[in-house]
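These notes concern the structure reproduced below.
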Amino acid sequence: MAKAIRQYDVMVVGGGPGGYVAAIRAAQLGLKTAVVEEKHLGGICLNWGCIPTKALLRGAEVAHTLRHMDRFGFSADNIHFDTAELVKHSRNTAGKLASGVAYLMKKNGIDVIDGRARLSGKCRLTVERDKKNSEYRADHIILATGARPRELPGVAIDGDRIWSYFEAMVPESLPKSLLVIGSGAIGAEFASLYNDLGVDVTLVEVLDRILPAEDPEIANLARKLFEKRGMRIYTGTQVNEVNKSGNGIECLLKGEDVNESVTVDRAILAVGVQGNIENLGLEELGVETDKGFIKVDEWGRTNVVGLYAIGDVAGPPCLAHKASHEGVVCVEKLAGVDGVHALDKNNIPACTYCRPQVASIGMTEQEAKNAGHDIRVGRFQMAASGKALAIAEAEGLVKTVFDAATGELLGAHMIGPEVTEQIQGFGIARTLESTEAELAGTVFPHPTVSEAMHEAVLDAMGRAINQ
Amino acid sequence: MSEIKALTVPKWGMAMEEGTLVNWLVKEGDEVSPGDEVAEIESSKIVNVMETHVAGTVHRLVAKTDETLPVGGLLAVIGDKDASREDVDEFIASFKTKPGAVPARDSEAPAPKQADAEPGQEPRREKPAAASASSSPAVAQPQPARGGIPESLQSGGDDSGVAATPHARRLAEKHGINLTNIKGSGRHDRVTVEDIEKAVSAAGGSIAVRREGRDEIRQPASLADDSGVPATPLARRLAKQKSINLHDCRVSGSRSRVSKADVEALELRRRGGGRVGDAHVAGVDGQVVEEIPMSGLRQTIGRRLQQSKIDIPHYRLVADANLDALLALRRELNDSLSEANISVNDLLIKCCATALMQVPDCNVQLHGDTIHRFRDADVAMAVALDAGLITPVIRCANHKGVAAISNEARELVTKARAGTLKQEEFEGGTFTVSNLGMFGLKQFDAIINPPQCAILAVGAGEERVIVKDGEPEVAAMLTLSLSLDHRVIDGAVGARFMQALVRVIEHPGLMSA
């Protein structure tokens, strides 16, 4: 008798925001579903990414508020900060959510299989746990294995002095000085966080501007505001060498106009992520990959029958909300649900939770021009926003990019207080294919920071009222 | 005048002539909008959820649970919130079923003329079919005068040969009506429930269609607070445990209180028979028995298969096939194609399609006295679900490659499990393959799924010792059992098909010939 093989309709490898959401959708549709997870349900997002960093950033915001309390008439001395308490809040938050995911799996009748999965053939998985293998078969296998920090040649993450986001999230104490290598969303957030907590931060970016995925106007304003807070920023600069020196590290920075050595206590390597495609059995099955990510079509299908990939491992943008959305689309498509729409990658909002926050959707001004659009651009400075002034956060900008002929909102770019909570307004407008007229005709509540969105639309039409 | 619209029995598929209301999902007074689920309707094939295509307030649920109506028959009245009871009564009284006028998959029947009248214009006062003065639900379902079943309809010889819908036959049996007295107006002149109603009515009798079947059992439970209903403490506790509302119990005991016996009697009525207590304990050895009501789908499956066994003179042909060549082909295909993961069953579907092309007399359906012979092989495959059996169809399998068949089969199985199969994906089919090989069975017999005339039952492929050229040899062997309808396919024709099938399995190159 052959070894017992458990059979599912759908098996998901990885319990992150892509995988667990895909599994729930499959179970809702009545499919027999299992999730294989090696470590933590909830994945990086819940345990080591989006959520715990937001808990830390809230602490940074408190530090910032305390520093400027005099503006609101307060004064205090002997303010004490305990790093461990803030880290504890962050870990507790992550723990709560992870157990919430376990509950959701149970509630939806999804089997959670602990262990590491490997494809052992078409529609077949071997799960290893404690050196014991179990065999599974599923008509549909969805890979949602995520991504991990990318390393730089010559700069190895040692977990002690050179950190990845894992270590950066649970410091035992604050370093005096910190070098952040890479200024994408993760790098910018950690730079902002540690700077607000009083650490001397240096930010290095190999490209010509920080936040390189954002519209240059927004990125340049972010740089100005970062520098105003005392951050040192090097763009167009590489970190060539890192050597231990005393209790810290000596880093050699090299750029066109830069050739200097800086000594810091710690460094964070945040130069992007790479897909977790190793040891999955992809090579044996001939699964096609591209630049470290699994190649898929708009429904998440790989070139191998019954095999799908979603989320980070299926390619950038590596964002939790993109993964979740892809998971739902992939499952609904394979289950034959009517009216499934593929994810429009141009309509995924990008958010960076530094201070001030940065959020964007769609094309930058330059991308719109490159795509051949005749455009109209609108801007509104937060300095003219009553609400932003009242909360003493009046630094920022909202920028809109419209097609001049059709009025289509091609892109929107925001920097300012709580803009990550507001960008969905422009997202809905794009999904509904609103033109500038509908946005202009929408009543925005007063006083809110979001009025800046309205003014930026009016400005593109040459009708700005308050600037 | 306010706008009023009819919600009518939808037509799900060509063969559907009437539908039975299984359950209302809305109640009177509810607001509905297009796409809302309003009722479960059972056709002779499936139970499906019906969505409304019209918006408004549900004014009257005309059809009662378990009532059988023809396609286009009035289920409910939906209209503007301010429509008066009189308007609704008027509408119902003047509503006429228009068989065939309702497009497939459309639950919205055109409203009778006066509902479309110009605003402010008085509707023409046609003579209502039933007294409309009262606004009681009786008006909602006009019934002829009392009188029972006239004798003229009860007499006659054996009526088992009369073509009738399953619902109509059940109704006739229940009321002692001989079907030879009824003229059928359904497809192929089958007798429908409506035909019986008309005939009874024309002969001066009456027949309560909606009381037919299980209506007693399915009466909706009261929801009102029953704390004021006089009851014995034991009856009260028992009712609570059984989720029975004391308002629904008939008081039979002394002192005008609901007693334990009254609660149990209600439970018995709801279950539609059996002894009280059966639900918990039965059996001579004290064995505990769980009573599970059959779902609509289960009942449908049961009825259809029973009908098939009764109507169709089944006979069976059994043959063994050597699987070695087919397994070698499967390995070769799977090793060289990453876009397909082909199973033995996928290959057998293709083999059947090939053999059906060679013996087209087996690629048939029987409709009344007409045999439909098909040009292409639409091969259905039996898929077991928790709720029952469903047979999605691979269309034109004779034209498709094995990889395409395999991927389509996987997609159909997933859709079947997710409940997203569309009607056209499981209706029709000119031949069925049922495979229980994964359970290690050697051989079994399958029941034909009418109007098809043949079904192949596939056992497990296994290594057996065979004799070849006088020498024992080990080969992968498969036992096939083919059930055939002798009314349509004679033994020799069936045997020719089986021979062709075994030949293509053993020489799979013929699939591409």
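For the range A:444-467, the residues whose backbone nitrogen is under 19 Å from a point 7 Å from the Cα of residue A:404, taken along Cα to Cβ, are A:457-464. Scaled to the globular estimate 2.2 N^0.38 Å, the Cα spread of the range A:387-436, given as radius of gyration, is 1.30. Apply the Debye scattering formula to the range B:388-483, with a single equal point scatterer on each alpha-carbon and no solvent, then give log10 I(q)/I(0) at q = 0.14, 0.22 Å⁻¹. Here the Debye-derived log intensity ratios amount to -0.66, -1.23. For a test of the definition: using alpha carbon positions, the gyration tensor, and the 1.5 limit on a/c, classify chain A as rounded, prolate or oblate. Oblate is the answer for chain A, as a/c is 1.5 or above yet b/c matches or exceeds a/b. Where only DSSP H runs of four or more residues are counted, the protein assembly as shown gives -8500 deg cm²/dmol as its mean residue ellipticity at 222 nm, each run worth -39500 (n - 2.57). Treating the range B:295-359 as a set of equal point scatterers at the Cα positions, no solvent, please give the Debye-formula log₁₀ I(q)/I(0) at q = 0.12, 0.22 Å⁻¹. Treating every Cα as an identical point scatterer, log10 I(q)/I(0) equals -0.59, -0.95.
Rounded, prolate or oblate for the range A:296-337? Axes are the square roots of the Cα gyration tensor eigenvalues, ordered a ≥ b ≥ c, and the cut-off for rounded is a/c under 1.5.
In terms of gyration-tensor shape, oblate.
Seen from every direction in turn and averaged, the convex hull around the alpha carbons of the range A:110-167 projects onto 6.4 nm². Rounded, prolate or oblate: which fits the range A:173-269, taking a ≥ b ≥ c as square roots of the Cα gyration tensor eigenvalues, rounded meaning a/c under 1.5, else prolate when a/b beats b/c? It comes out oblate by the Cα gyration axes.
Is any residue of the range A:205-230 close enough, with backbone N under 16 Å, to a label point placed 7 angstrom from the Cα of residue A:71 along the Cα-Cβ axis, and if so, which? Taking a point 7 Å out along Cα→Cβ of residue A:71, the residues of the range A:205-230 whose backbone N falls under 16 Å are A:225-230. When you restrict to C-alpha pairs under 8 Å that are six or more residues apart and normalise by the size of the range A:91-235, the relative contact order lands at 12 percent.
Which GluC sites (Glu not before Pro) in the range A:247-293 pass both tests, a DSSP loop state and at most 15 other beta-carbon atoms within 10 Å?
Listed in order of number, the matching sites are A:256, A:278, A:288.
Each residue of the protein assembly as shown gets 285 Å³ once the volume of the Cα convex hull is shared out per residue. Between residue A:341 and residue A:245, the modelled label-to-label distance comes to 5.5 nm, taking each label 7 Å out from Cα in the direction of the beta carbon.
For the residue pairs A:122/A:295; A:39/A:345; B:442/B:468; A:122/B:400; A:96/A:295; A:176/A:254, alpha carbon separations beyond 26 Å are given by A:39/A:345; A:96/A:295. Each residue of the range A:374-389 was assigned a 3J(HN,Hα) from its phi angle through the Karplus curve 6.51 cos²θ - 1.76 cosθ + 1.60 (θ = phi - 60°); the sequence is 8, 10, 10, 10, x, 9, 8, 8, 4, 4, 9, 8, x, 5, 4, 5 Hz, with glycine and proline shown as x. Both numbers refer to the Cα atoms of the range B:324-425; Rg and Dmax are 14.9, 49 Å.
Rounded to the nearest 10 degrees, the inclination of helix A:19-28 to the longest alpha-carbon principal axis of chain A is 60 degrees.
Read the figures in this text as sums done on the coordinates, not as results from a lab. None of the values given here were measured: they were computed from a predicted structure. Every residue, glycine as well, gets a Cβ built from its backbone with ideal geometry; the counts of neighbours run over all protein chains shown.
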